[in-house]
1. Work out the P(r) tail for region 97-152: percent of alpha carbon pairs separated by more than 14 Å, whole number.
2. In nm, to one decimal, how far is the modelled label at Glu217 from the one at Phe134, with both set 7 Å along Cα→Cβ?
3. Filter the cross-link list Lys28/Lys183; Lys64/Lys213; Lys110/Lys302; Lys64/Lys300; Lys28/Lys128 down to pairs whose alpha-carbon distance in this structure exceeds 32 Å.
4. By per-residue mean of other Cβ atoms within 10 Å, what is the highest-first order of 30-36, 116-122, 11-17?
5. If you roll a 1.4 Å probe over region 129-217 with all protein chains in place, what percent of the accessible area is carbon or sulfur?
6. Can you give me the distance in nm between label points at Phe58 and Leu6, each placed 7 Å from the Cα along the Cα-to-Cβ direction?
7. Where in region 244-276 is the amide nitrogen less than 17 Å from a point lying 7 Å along the Cα-to-Cβ axis of Val160?
8. Each label point is 7 Å from the Cα along the Cα-to-Cβ direction; what then is the distance between the points at Cys124 and Val206, in nm?
Amino acid sequence: MINKALVLTYFYLLIYISLSSGVILYNKWVLSPKYFNFPFPITLTMIHMAFSGIVAFFLIRVFKVVAPVKMTFEIYATCVVPISAFFASSLWFGNTAYLHISVAFIQMLKALMPVATFFMGVMCGTDKPRCDVFLNMVLVSVGVVISSYGEIHFNIVGTVYQVTGILAEALRLVLTQVLLQKKGLTLNPITSLYYIAPCSFVFLFVPWCLLEKPGMEVSQIQFNFWIFFSNALCALALNLSIFLVIGRTGAVTVRVAGVLKDWILIALSTVVFPESTITGLNIIGYAVALCGVVTYNYIKVKDGRAPQLPSDSISERLTKDWKLEKKSSDIFNPIISNDTNVGSNFNSSESNDEEAPLVSSRLSHFGRQLSNSSSQRS
């Protein structure tokens, strides 16, 4: 007999992987001079932010799908504004990298995400220096260096843009935990876009005026409403799909899905963009980096569940991890306490999607209702 809940879970995972890969490939196609030829990454990011902010406004204020959180001016100025600045920066630099390097190589560089997050966490006091984690970070870094050495079309400008975007994203994740956790505030993708997207738009407006506006001539710009609308719609759908996936599964499954998505995306990019060539050294380096990423993910999950894990064998621990995650996906805790881990604590692979905003590590009531209603319709 078919387990409908399990089928629905895999369906949500398939949607997440498809949308995540699709948004990245779509952005590359729009920005690339060889294809749609709209080489204005800041403008494209501003379109995404404006569209997401408007949709979030209607969902919250007009249709009242979710309720806004209690946001004071002090919280907005000290928490949302700096987080929005780094969120806008990560999208700006990440999208600009598409102009210079291939999608496949960008995904390989994104393996540095846990390295950046770990060191930023240590600097900000949210993480402690540990020998085992440090060795994993060294393994990831070595893998990325090998992969970069094997890149045929290596471009220093694009690499700097991408690495800078990764650093900005890491700071955003750490600030989310440091600033919002103190306020006991949790945001789901809709409320986070409602508060963060307009602020990010304002931050992007300044570099847009200085860098892109002077070189934009309306007569030379290809503007197709349906292309930009569908591109922004895909970015918004990606945020909601992450919300649904976490509601059905949990952080561990999203981590695994993120790793699978990266491999699929690298393979797809070579088909969609034939000029993207992958060498054997690329694959070897990326495989080495992923070994470090996967081990790091396991260490973080194991640390989070340390009280429930006695000295069992590794296979028994993995089995318990899976069972605990399946159990935790069915739990709804409406109480937001000061020790709530706000932000993407599963921040290695899945948190680095193109338009992924802040995602709470606990389910919101809205996400739980969506999951339950979908199960009932099945």
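1. 58 percent
2. It is 5.6 nm.
3. Lys28/Lys183; Lys64/Lys213; Lys64/Lys300; Lys28/Lys128
4. 116-122, 11-17, 30-36
5. 73 percent
6. 3.9 nm
7. none
8. 1.9 nm
The values are calculated or read from the model by the stated rules, or taken from the named source; none is laboratory data. The structure displayed is predicted, hence computed values, not measured ones. All Cβ positions, glycine included, derive from the backbone under ideal geometry; neighbour counts span all protein chains shown. Ligands, DNA and RNA are excluded from the accessible area calculation, which covers all protein heavy atoms including side chains. Shrake-Rupley method; radii C 1.70, N 1.55, O 1.52, S 1.80 Å.
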